[in-house]
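**Student:** This is the structure, below, for whatever I ask next.
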Amino acid sequence: MNISSYKKIKFQNKFNSIKNHQTVVGRLKTVQEITIQSLIGYGFVNQKIYLRENNITLNDSALEKKFDLDDVHKKVITLYKEYFHFLSLRELKQRTKILEYRYEQP
């Protein structure tokens, strides 16, 4: 059997395996909460909508002020926002194969 060099490295590295998936999901939840709080604090996420609907909505004016976006970048952001707006959180987790999806009930 011929194993590629990437697979050899992957199997040799102890960090490429997860022994307890629930622990990892729990730790990632903490990181996710801190990230959302930071984005709200910087004004990139609309806090009222997040608290009311538990939905992350980007604040366009904060992005434009912070990064001085040109028309092309504004259109790209709009495209992403429209795509993810119609994608449910469960479907997003399923498509990205996030570990948390495995433990959720349908």
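**Student:** Please enumerate the residues belonging to the range 48-68 that are open to solvent by less than 100 Å² (accessible area, probe 1.4 Å) and either over 20 Å from TYR83 (Cβ atoms) or not in a loop (DSSP other than H, G, I, E, B) (or both).
**Tutor:** So the first thing to find is which residues in the range 48-68 are open to solvent by less than 100 Å² (accessible area, probe 1.4 Å), and the list is 49-50, 55-64.
Across the range 48-68, the qualifying residues are ILE49, TYR50, LEU58, ASP60, SER61, ALA62, LEU63, GLU64.
**Student:** In addition: For residues that are in a helix (DSSP H, G or I) and open to solvent by 100 Å² or more (accessible area, probe 1.4 Å), tally how many sit in the range 74-93. Show your work before the answer.
**Tutor:** Within the range 74-93, the subset in a helix (DSSP H, G or I) is 74-85, 89-93.
Narrowing the set further to residues that are open to solvent by 100 Å² or more (accessible area, probe 1.4 Å) leaves 75, 79-80, 82-83, 85, 89.
Of the residues in the range 74-93, 7 are in a helix (DSSP H, G or I) and open to solvent by 100 Å² or more (accessible area, probe 1.4 Å).
**Student:** Checking THR30 against (1) at pLDDT below 75; (2) part of a helix (DSSP H, G or I); (3) of a type in the set (S, T, N, Q), which single condition isn't satisfied?
**Tutor:** Condition not satisfied by THR30: (1).
**Student:** Quick one: how many residues across the range 13-45 are open to solvent by less than 100 Å² (accessible area, probe 1.4 Å) and either in contact (Cβ under 8 Å) with a residue 24 or more places away in the chain or in contact with a helix residue (DSSP H, G or I) (Cβ under 8 Å, 6 or more places away or on another chain) (or both)?
**Tutor:** 11
The values are calculated or read from the model by the stated rules, or taken from the named source; none is laboratory data. All figures in this text were calculated on a predicted structure; none of them were measured in a lab. Positions of Cβ are generated from backbone atoms using ideal geometry, with glycine treated the same way; all protein chains shown enter the neighbour counts. All accessible areas refer to the heavy atoms of the entire protein, side chains included, with ligands and DNA or RNA removed. Shrake-Rupley method; radii C 1.70, N 1.55, O 1.52, S 1.80 Å.
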